[in-house]
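The values are calculated or read from the model by the stated rules, or taken from the named source; none is laboratory data. Small disclaimer: the values here were computed from a predicted structure and weren't measured. Cβ coordinates were reconstructed from backbone atoms using ideal geometry, including for glycine residues, and neighbour counts include every protein chain displayed. We work out accessible area using only protein heavy atoms, side chains counted, and drop any ligands, DNA or RNA first. Shrake-Rupley method; radii C 1.70, N 1.55, O 1.52, S 1.80 Å.
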Amino acid sequence: MTAPAPLMSLVWTDHVTGRQGFLVVDRLVRGVASGGLRMRPGCMLEEVAGLARGMTMKEALHYDPEARYVPLGGAKGGIDCDPQDPAAYGLLVRYLRAMRPYIERFWTTGEDLGLSQDLVDRAAAEAGLVSSIQAVYPLLDDEAAARRRLADAFAVEVDGIGLDELVGGCGVAESVLAALDRAGVPYPGTRVAVQGLGTMGGATARFLSRAGLTVVAVADIKGTIANPAGLDVEALLAARDGYGTVDRRVLGPGDRELTGDAWLSADVEVLVPAAVSYAIDTTNHDRIRARWIVEAANMPVLPEAEELLAGRGVTVLPDVVVNSGTNAWWWWTLFGDIGADAEEAFGYIRGRMRALIGLVLARADADGTTPRAAAHALVTDRLPVIADRFGWYR
């Protein structure tokens, strides 16, 4: 089924560098849409449109009529630039300055691939914005209290890592654990490979390791680090730079350095692509030996590859479910469903993600389809309910 056209698509060209940026608003709910801003070389309008549609789905999947958090519409921004380019920050500021009318009125945004929240916040201030999420403020019962609560939550650290950098990985890990429980697979002895050791991949590796699974391979921009006996996840996390690249001087005696794509063919039960989009396609899907692919990144498995994987019994847990915890945590905190407390946040995320994964897998079994198709079916059921209750623009 073809997805409906987005509400708005915008292409911006930077007058200094000639580089392009994009904004796609897929849907508004109560006049507001939510979705992060990514920066990567080769970013395209079609990519941003797919991500915006995914945000609409993530919001709808977390709709709870009894919660304070009311789902928003879906949107996404993108900039075609290497985030490590010396000109990247100035480009980001100019993009946000150009998008200021949209951010002030109806687009709430934040970190995504290539950009940290600290960097987005700094550039937003330089662009003259109050906040990258200021469009949601009119929907809050007590704006001052809500903003304090979110600021306090961003100040929380757990074992040296900010809570905001851990919540998404907590959701991904809980998705894995829920799938294992449903299949009756014990955690000890279950092996995992993670592509990407940035915010999402690093936190996922930490939570899975602490749950008793064995992380045997991780990949960063320099290549794959592997150890069939298990990697020291905490040591690797402590040795990362700001882009998720591990200092190889911390590698243990049993750790091996392999090629960048070696994570694909790791001998594991669970494969977690947590870096770039389009990582698994029709040219490399047959190298995968895992039973589950858990999409921590946005759109890492191309549809044609997913169809081929399903044909040989590989289950793909889709991004719109698996990595939705970060976005939801922002709103659960801001709207007041949870406070600025790590244990409360982790407990709430685990409960909600486990329930959502269970719902999706049950729907897939009942319909005889894939988890992604089941997630789409749930969204199709919920969007009219949300629209009837809240409308698009009011």
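Is it true that some residue in the range 355-372 is over 18 Å from residue 183 (Cα atoms), open to solvent by less than 30 Å² (accessible area, probe 1.4 Å), in contact with a Pro (Cβ under 7 Å, 6 or more places away or on another chain) and among the hydrophobic types (A, V, I, L, M, F, W, C)? Looking for residues that are over 18 Å from residue 183 (Cα atoms), open to solvent by less than 30 Å² (accessible area, probe 1.4 Å), in contact with a Pro (Cβ under 7 Å, 6 or more places away or on another chain) and among the hydrophobic types (A, V, I, L, M, F, W, C), one finds none in the range 355-372, hence no.
In the set 294, 276, only one residue is within 19 Å of residue 312 (Cα to Cα) and either open to solvent by less than 20 Å² (accessible area, probe 1.4 Å) or of a type in the set (A, V, I, L, M) (or both); that residue is 294.
Of the residues making up the range 247-258, none is at pLDDT 95 or above, open to solvent by less than 10 Å² (accessible area, probe 1.4 Å) and not in a loop (DSSP other than H, G, I, E, B). Of all residues in the range 79-104, those that are farther than 20 Å from residue 45 by Cα, open to solvent by 60 Å² or more (accessible area, probe 1.4 Å) and in contact with a helix residue (DSSP H, G or I) (Cβ under 8 Å, 6 or more places away or on another chain) total 1. For the range 155-171, the set of residues classified as farther than 18 Å from residue 35 by Cα and surrounded by 14 or more Cβ atoms within 10 Å (Cβ to Cβ) consists of 156, 158, 161, 162, 163, 166, 170, listed by residue number. For residue 104, the criteria (1) in contact (Cβ under 8 Å) with a residue 12 or more places away in the chain; (2) more than 24 Å from residue 386 (Cα to Cα); (3) among the acidic types (Asp, Glu) hold in every case but one, which is (2).
Taking the range 172-204 as the search range and keeping residues that are closer than 17 Å to residue 231 by Cβ and more than 19 Å from the chain's Cα centre (by Cα), which one is least open to solvent (accessible area, probe 1.4 Å)?
Restricting attention to the range 172-204, the residues satisfying the condition of being closer than 17 Å to residue 231 by Cβ are 173, 176, 187-198, 201-204.
Going one step further and asking which of them are more than 19 Å from the chain's Cα centre (by Cα), we end up with 187-191.
Values: 187: 52, 188: 99, 189: 59, 190: 4, 191: 70 Å².
Only one residue tops the list, namely 190.
Of the listed requirements (1) buried (at least 17 other Cβ atoms within 10 Å of the Cβ); (2) farther than 26 Å from residue 48 by Cβ, residue 141 misses just one: (1).
Restricting the search to the range 44-77, which residues are of a type in the set (Asp, Glu) and either over 30 Å from residue 87 (Cβ atoms) or open to solvent by 10 Å² or more (accessible area, probe 1.4 Å) (or both)?
So in the range 44-77, the residues of a type in the set (Asp, Glu) come out as 46-47, 59, 64, 66.
Within the range 44-77, 46, 59, 64, 66 meet the criteria.
Number of residues in the range 23-43 that are over 18 Å from the mean Cα position of the chain (by Cα) and open to solvent by 10 Å² or more (accessible area, probe 1.4 Å) equals 6. Taking each residue of the range 193-211 that is at positive phi and looking for partners that are part of a loop (DSSP other than H, G, I, E, B) with beta-carbon atoms closer than 6 Å, six or more apart or interchain, yields 196/274; 196/275.
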